[in-house]
Amino acid sequence: MNKKIILSIFIITTVVVGSFVFLAPKVEAQTVTPITSCSTITTPGNYELTGNITDTRPLPSSPFTKYNACIVVDTDNVVIEGNGFTITGPGGLGRSDSRLSGIDISTRSGVTVKKLKIEKFDTGIFLYFSNNNNLEQNTLRLNTLYGIALFSSSGNTVKNNISNLNGQIGIRTSFFNFSERGTPSNNNSFLNNTANANVIGFQISSFVSFPSAGNILDGNIAQSNSSVGLTIFSQKNMQAVNNTMSGNKFNFNFSGNESDDSQYITNVIDTTNTVDGKPIYYIVGATNQTFDSSTNAGTFYCSNCDNITVKDLSISKNNPAILLHRTTNSLIKNTSLTLNGKGIHLENNNSTNNIISENTITNNVDSGIYLRPTAVNTLVKDNIINSNSVGVQLEANNSILLHNTINGNTNYGVLLAFGSFSNTLKENTFQGNNFYGVFLSGSNNNQVYNNNFISNSPGQVNRASGTGNVFNIAVPIGGNYWNNYDAPSEGCNDTNSDNFCDLPYQKPSNSPGVTDNFPWTTQDGWIVPTDSTPPTITITTPTTDSILTSSSVTVTGTASDNIGVTSILVNGTPATLTSGSFPCTSCNWTATVSVTLPTTAGNSALNFTASASDAESNTSNPASVTVDNDGIDATIDTDDFTYSNTFTDGVTNGTVTTRNGWTLHVSDITTETPRSLSSGTYNVSENGVQVEVVAGSGTLYANISTCHTVPSSSSPETVLIRTNNVAGNVTCVTTGTGTNNTTMLFAMTASNSDLGLKKGFGSINWLTTAANQLGASGSPIFAGDNNTENLNWTVANDTTTFMTGLLTPGDAKDVTFTGTFESPTSISIKNLAGTQNIFTSDGDTTTLDPGETFTDQCPGISGNAGNTGCPFAKKVSVTMHNVNQSTKAVTQTPVVGAIVRVAKVPENTSTASLFNQMVDLYNAATIECTTNLQGITYCGLFSIEKYLPIAKIDNIYTTTPNFNANYGSDNISFDNLQVLSVTDKNNVTKLIPAKNTQVIGSLFNIYEPAMFEISNTTEYVPFVYQTENDYWTIVTNFTPPSNCTSDTGEFQASLNNETQAAIFTLTCDLSTLAEARQNIIAQASFGQSVKGLAKVSHVTTDFTEGGKGKKTNLVSQFAVSKARAPEKAKGKPFAAKKGGSLWSVAKATINNGVTDREVANRVKEVAQQYDIAIPEWGIAGKLDARRLSAALIESLFR
């Protein structure tokens, strides 16, 4: 070969730019030597192919040397650029010792081979004891043995190569000669290579006693290889990530030296590696974990693990599918393993106390289950292990194979080999295995009994070698079932009918040394049949509508069982048979049960439960009967044409039954024919009332003044309504109070006479939910659950329709209202059914969930802001700020159950004088709401006007932040009301009306008293400061009223996104203070001189971003007054103020013809309702009635 001289050319170029001179760097030109034929490279340098090369040399004969290769690299630091050209060999010899290769790199380093195609050699690129070389972007194909082979070579990089269609392995590492096995291939990097359609795609391996270390596989692809995609054998500290194996016979194959833990626990093989799209799970050191179908694991390996569960996986085409190494106390359950090499493989002497249960392991090329000699105390049970090469290969000790199905395996059903001893094979079925059901070789002291051996070839069992193995236990356990020894013609006779053959089973011809002294005559003969069928039971008496009059109740019924009932319990009491004795297959029974009868109306129903058991402890489903105690006989209770309240009192047909101190009255209809009623009012003397609405035009209403003839304290007894294709309305009025107790504000229309309303659902038990209990104050309606059509329902009076909807079969509603029938102020409807319901209220569609109540606060007006049934609404929240005197801690909580009233703000009312009328407005308000658990309520409004919400908590009134009509797009106006409280050191809490002062344009709020009533000489005045901004300071100066002193005149604080509080100690001479009720009108008048006026100045400084230290001075004042004890005096009704008084206005407003006594009662009711004091009658209150205007008083009686 001609050698080209490498010339070094030094070029100095001077470039002048301005005042700078640049010198170009030295450039060294390198010569590239062309390769045009097979040759040996002995000089370092760059080489390239300029065309394809064909090796036409004759095939070599032994001995094989590196010079059999087409290109031999015989020096270090060589770069071979293939330029995409191909080196074609003469065809390989196919011998493992052949070194016939495209390129041979032996004992070299620094060699790069790239962009070269090599085909038809034994090996494409052959590395032998060569380190730190690079093979990249090469294509290796159609080589007899390997595409790329690294033998005892380390530190090499193999990347972006394609090695397809080679006779054995695409890319491999190993040792070449056995004598060189101690020099493994370490620290090689295999990056982004493809190895498809070989026998094996990648094989990274070493000798078992000399593992490779530090190899990396990243981003490689192995597809459609006829044996294995990726084999990893005897490796440690290796890393495999992002590799993809798919469509191979076995995608992933892993093994190592089970005695060398480093070959398992030091490798990193993460879930970025996939087999047929599923992740590889290679786990080290896991404890107390479960790996199930949610992992989607494609194969599973666990080393050095404890108490793990592997279950519900489906794994195919790997070897093994599941591997446990040095793993203890673990469970493999309910997996499906098919088409793998081995199904389950347990190895290492510490793999103990594991369970393999309920798996399906079929069609695996090697063993279904393989237990190595060191995997001891394994329980293999309830598995299906069919059609593998070997069902179970058992080389372990002290293990149990129990109740497995092991059929049709191409070799052994179970192979006990290599010194496995003290194992137990029990209750398994071995059928159709092609080389013995069980084969024992060198195995001792094993027990094989109670198994089924069926048609295994060439024999059932072969004990090739080993001692102490037994095939039966003493009777009654016995031996095994052999299908070739179960009939007299085969030598099996059972003259004593004990299910054992009289003579032993011995088959020395094809099962040397196998003797079963107690062979079973039938398959599974050792299994004692069990009864798993439970008895059945029914209760005949009592029934739901039985009338129980004694605390000792006789319960009767029937029971049956396929084998025999052995016992019956009724409410825990044993029953006896009316004839015969236990056990019985068909029984009539009776039991006497003690119960506690109700002592007052409305007690719970009585429940009776019966159950039956048999000899196998199977227990029946319980039979239950609930005696409802409602006093309604079966005819009424199941009549789909009736509605009735729950019976609580009354006498019907003279039937009276006494029960332990209270009287049960069984009610019934006195006449079979309904009484026809015209419009008007009727006094009915019957105890039960049935009303039929006569067909006709228009709407008919009938008022029944008396529903029963019982004492006035009783509730209405019975109302039955029958609908006959017309509308009807019934009002039932109690005799005692004269109030509408069960007013029916309904028009009910049935589309045909077969439809009805009733109480009593049949299949729907609405009484099971406490929230759905039928109350006495509403108008509940129910649709028969076997109605053929829906019922239309309407909430209406004579002039207006408020709500409409449908009663589907089994549906139920309850309606209440406030106000009068002619002018209801609110209407509430509750969904008593178990399903969602849709209806319309004032034309607006509303949905009710089960148990939910909707209240229309504006009947007759459309709109539903805030779910109030009104076109507009106030959303009012009430918050209490409590200050602890000892800690200065602030607790802010919503006020639950606060009474909120909304009143229209009078015209020409200024902000300064707004609070002056607080109590007047509260008591004059007609809209009232109650806050929920979040301290929030919605109050419905008819129109957008200036409405003022005011809350009352324990006789303390709140103020309101504004009185503007700030309604949003949802027609809801938001108002936040505040109340202060202070808890002193004696844990006594005082409530104080509060107002909210806010620094304009900020989130800084001050909550301070709006007025202050003082009861003791010393009181505590709280202030709360709150901000959600970054940083503020505040200075508060508190000036007490005249004749009062304060502990300090100033309070300073810094706030950073927090809440703080100040408490001033206020000491006053009570004799100098005006009483609170005399100052109620002027308690917050700013410009007015008020006796007992405290003044407060708050100077805030804004240090937030953008605040720039801006100061704001907020001035406020509030009245401090003396709490006034209620007056008690006698006298005539008080005189009027401005021409009016509670008495005179009440007398003029209430209907004519009432007595003075009735007027007085009404005045007392109003005074108590609105907290008005009437000293003449000894009635205490916050509001001085003598200072109220006639117009305001008149509004209270409307």
Name every residue in the stretch 137-171 that is surrounded by fewer than 24 Cβ atoms within 10 Å (Cβ to Cβ) and in a strand (DSSP E or B), in order of residue number.
THR139, ARG141, PHE151, THR157, LYS159, ILE162, ASN164
Condition broken by GLY102, with the remaining ones in (1) under 18 Å from THR139 (Cα atoms); (2) modelled with pLDDT under 90; (3) outside any loop (DSSP other than H, G, I, E, B) satisfied:
(2)
(1) more than 19 Å from ALA195 (Cα to Cα); (2) in a strand (DSSP E or B) all hold for ASP260 apart from (2)
Going through PRO1022, PRO993 one at a time, which residue ends up being outside the structural domain of THR1059 (by TED's automatic domain parsing), under 26 Å from ARG901 (Cβ atoms) and not small (Gly, Ala, Ser)?
PRO993
Residues VAL111, VAL72, VAL158: which one is at pLDDT 95 or above, of a type in the set (A, V, I, L, M, F, W, C) and under 18 Å from ASN193 (Cα atoms)?
VAL158
So, of the residues in the stretch 112-127 that are part of a loop (DSSP other than H, G, I, E, B) and in contact (Cβ under 8 Å) with a residue 40 or more places away in the chain, which turns out to be farthest from the chain's Cα centre (by Cα)?
PHE121
List every residue pair whose Cβ atoms lie under 8 Å apart, where the two residues are 6 or more positions apart in sequence or sit on different chains, the first residue falls within the stretch 1054-1079 and is among the aromatic types (Phe, Trp, Tyr), and the second residue, located anywhere, is assigned to a loop (DSSP other than H, G, I, E, B) and at pLDDT below 80.
PHE1064/THR1048
Would you mention how many residues in the stretch 832-866 are outside any loop (DSSP other than H, G, I, E, B), under 15 Å from SER973 (Cβ atoms) and out of contact with any strand residue (DSSP E or B) (no Cβ under 6 Å at 6 or more places or on another chain)?
0
Any residue at all in the stretch 269-284 that is over 34 Å from the mean Cα position of the chain (by Cα), surrounded by fewer than 22 Cβ atoms within 10 Å (Cβ to Cβ) and β-branched (Val, Ile, Thr)?
no
Reported set for the stretch 537-564 where residues are in a strand (DSSP E or B) and closer than 14 Å to PHE608 by Cβ is ILE537, THR538, ILE539, THR540, THR541, SER552, VAL553, THR554, VAL555, THR556, GLY557
Filter the stretch 437-477 for residues that are modelled with pLDDT of 95 or more and on the phi > 0 side of the Ramachandran plot; which is surrounded by the most Cβ atoms within 10 Å (Cβ to Cβ)?
ASN450
Would you say PHE121 is surrounded by fewer than 24 Cβ atoms within 10 Å (Cβ to Cβ) and either hydrophobic (A, V, I, L, M, F, W, C) or not assigned by TED's automatic domain parsing to the domain that holds ILE171 (or both)?
no
Just to be sure, is SER567 farther than 17 Å from TRP589 by Cβ and either part of a strand (DSSP E or B) or among the polar types (S, T, N, Q) (or both)?
no
Please specify each residue of the stretch 73-118 satisfying the condition of being surrounded by 20 or more Cβ atoms within 10 Å (Cβ to Cβ) and β-branched (Val, Ile, Thr).
VAL73, VAL78, ILE80, ILE87, ILE103, ILE105, VAL111, VAL113, ILE118
At pLDDT below 65, on the phi < 0 side of the Ramachandran plot and in the same structural domain as LEU1003 (by TED's automatic domain parsing): which single residue out of ALA1135, ALA1084 fits that description?
ALA1084
In the stretch 990-1061, which strands (runs of 3 or more DSSP E) lie fully inside it and hold 2 or more residues that are out of contact with any Cys (no Cβ under 7 Å at 6 or more places or on another chain) and either of a type in the set (Phe, Trp, Tyr) or closer than 30 Å to GLY1106 by Cα (or both)?
1004-1009, 1018-1027, 1032-1039, 1050-1055
For the stretch 265-312, give me each residue that is outside any strand (DSSP E or B), out of contact with any Leu (no Cβ under 8 Å at 6 or more places or on another chain) and hydrophobic (A, V, I, L, M, F, W, C).
ILE265, ALA286
Just to confirm my filter: which strands (runs of 3 or more DSSP E) fall fully inside the stretch 352-422 and include at least 3 residues that are buried (at least 24 other Cβ atoms within 10 Å of the Cβ), over 43 Å from the mean Cα position of the chain (by Cα) and touching a residue at least 12 places away in the same chain (Cβ under 8 Å)?
390-394, 414-417
Going through ILE1034, ILE1014 one at a time, which residue ends up being in contact (Cβ under 8 Å) with a residue 12 or more places away in the chain, within 19 Å of VAL982 (Cα to Cα) and either acidic (Asp, Glu) or surrounded by 13 or more Cβ atoms within 10 Å (Cβ to Cβ) (or both)?
ILE1014
So LEU217 ticks every box in (1) at pLDDT 95 or above; (2) in contact with a Pro (Cβ under 9 Å, 6 or more places away or on another chain) but one. Which box is left unticked?
(2)
Determine whether the stretch 936-948 contains at least one residue that is polar (S, T, N, Q) and either modelled with pLDDT under 60 or outside any strand (DSSP E or B) (or both).
yes
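The values are calculated or read from the model by the stated rules, or taken from the named source; none is laboratory data. Being a predicted model, the structure only gives us computed values, none of them experimental. Note: ideal-geometry Cβ built from the backbone for every residue, glycine included; neighbour counts use all protein chains shown.
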